[in-house]
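The structure appears below as structure tokens.
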Amino acid sequence: MSELPSEPARRPFRRSFRKRRRYVDLPVGARRRLMSVSVLRSAAAVALLLGVYYTAPLDRQLDGGTWLRFGFGLVLFAGVVVWQVRSIGRSEFPRVRAIQAISTGLTLLMVLYAGTYCVISFNQPDGFSEALSRTDALYFTVTVFATVGFGDIVPRTELARVVTMTQMLVGLLALGLVAKVLWGAVETAVRRRDAEDPDEPTLSPGATPERR
């Protein structure tokens, strides 16, 4: 009987095995744990962003600093998207990672616009059809993003309408381009994972390679 391969010779096999794990190959218990962790992480990120939104000082003057912060928020959103795309490409379970990315990115975008609407409403009481509380501004942001348009809250001043139009455009980009980029990263990660050692059999957890 031939000797077992040495430790260095077995390491590539172990690394390849770890990279080739698929969600469908996991036991039911492991799938549930993975999805539970993913949901908890997404919920924690959403709760953190909402907590920042509801505690941030939004009763401030509408000046150049407001638009600098607004522009920084858009840059931050773009940076989060880029970081999430890279994370998806390195992730062992890219589809699960993409769900977290979408929930975090969309929440960040909506909170950014809701905060801006609050500042506009505080400085321009006639900017909207009614004075906006934080919840009202978030509600209006969601209706614009979802293109529902109930009509109960509408922008009236030129500034409010311009910001609302930018949200419409950014929302279209977020739904189209960003979603395409994220899912493109998912498909790229899946293809790269499947291309690694395609002839190597997938082992179930706890199994050992066959001795020759």
Legend entry - Assigned charges on the beta-carbon of Lys, Arg, Asp, Glu; region 106-165 dipole about Cα centre (debye): 140 debye
Legend entry - Karplus-derived 3J(HN,Hα), 6.51/-1.76/1.60, for each residue of region 83-88, Hz, glycine and proline x: 5, 5, 4, 5, 5, 5
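Net charge near Ile153, counting Lys/Arg +1 and Asp/Glu -1 over other residues with Cβ under 9 Å of its Cβ?
Values: positive: none; negative: Glu130, Asp136, Asp152.
My count for the surroundings of Ile153 gives -3.
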Inset, instruction - Sort the following peptides by mean Cβ neighbour count (other Cβ atoms within 10 Å, averaged over residues), highest first: 163-170, 134-141, 59-66. - result: 134-141, 163-170, 59-66
Legend entry - Charge dipole (debye, nearest 20) of region 29-181; +1 at Cβ of Lys and Arg, -1 at Cβ of Asp and Glu: 1040 debye
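Each reported figure results from applying straightforward, stated rules to the coordinates on display, with no laboratory input. Nothing here was measured: the structure is a model prediction, and the numbers come from that model. In this analysis, Cβ positions are derived from the backbone assuming ideal geometry, glycine residues included, and neighbour counts consider all displayed protein chains.
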